[in-house]
Every structure is written in structure tokens, then in C-alpha cells.
Amino acid sequence: MENKGEVIIYETEDGLTKIDIKLEDENIWLNQEQLVLLFQSSKSNVSEHIKNIFNEGELIESS
């Protein structure tokens, strides 16, 4: 079976968060919830960083 664009986030028995990703075209795309889990941060903090990425032109919001 071929997996493309799959991101798996899970917690191990020892309580650590693990992330398994599948790359395609050397890009990784995560949604806001996945970023919160990845960085063990708050939704508002991730939102602020995403807003700054768009404001600084690093990424186009429609992408």
C-alpha cells in the first residue's frame, strides 16, 4: 500500500508525543491542530505565528 501526504500523531506509552510523516515533493503540510501537538503549544500561539507568516509574505494564505 502506498501512502502519500499522511501525518500520524500519537502518544506513546511513556507519554511522549510522536509524529510519523510521509513526504511528497519535499513538502510537509500540517494543519493548526497538528502544529499545536507537534510544538506542544496553544492554539492561540500557533495562530499568531501563522498570522505572522502570512503578514510577512512567507506564505500566501490561499495556498
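Okay, here's what the table says:
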| quantity | calculated |
| --- | --- |
| SER47 at pLDDT 85 or above, assigned to a loop (DSSP other than H, G, I, E, B) and farther than 20 Å from GLU6 by Cα | no |
| Hey, VAL36 surrounded by 10 or more Cβ atoms within 10 Å (Cβ to Cβ) and modelled with pLDDT under 95 or not | yes |
| Looking only at the range 16-25, and only at residues there that are part of a loop (DSSP other than H, G, I, E, B) and at pLDDT below 75, the one that is surrounded by the most Cβ atoms within 10 Å (Cβ to Cβ) | LYS22 |
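The values are calculated or read from the model by the stated rules, or taken from the named source; none is laboratory data. The structure presented is a predicted model; accordingly, all values stated were derived computationally and were not measured. Every residue, glycine as well, gets a Cβ built from its backbone with ideal geometry; the counts of neighbours run over all protein chains shown.
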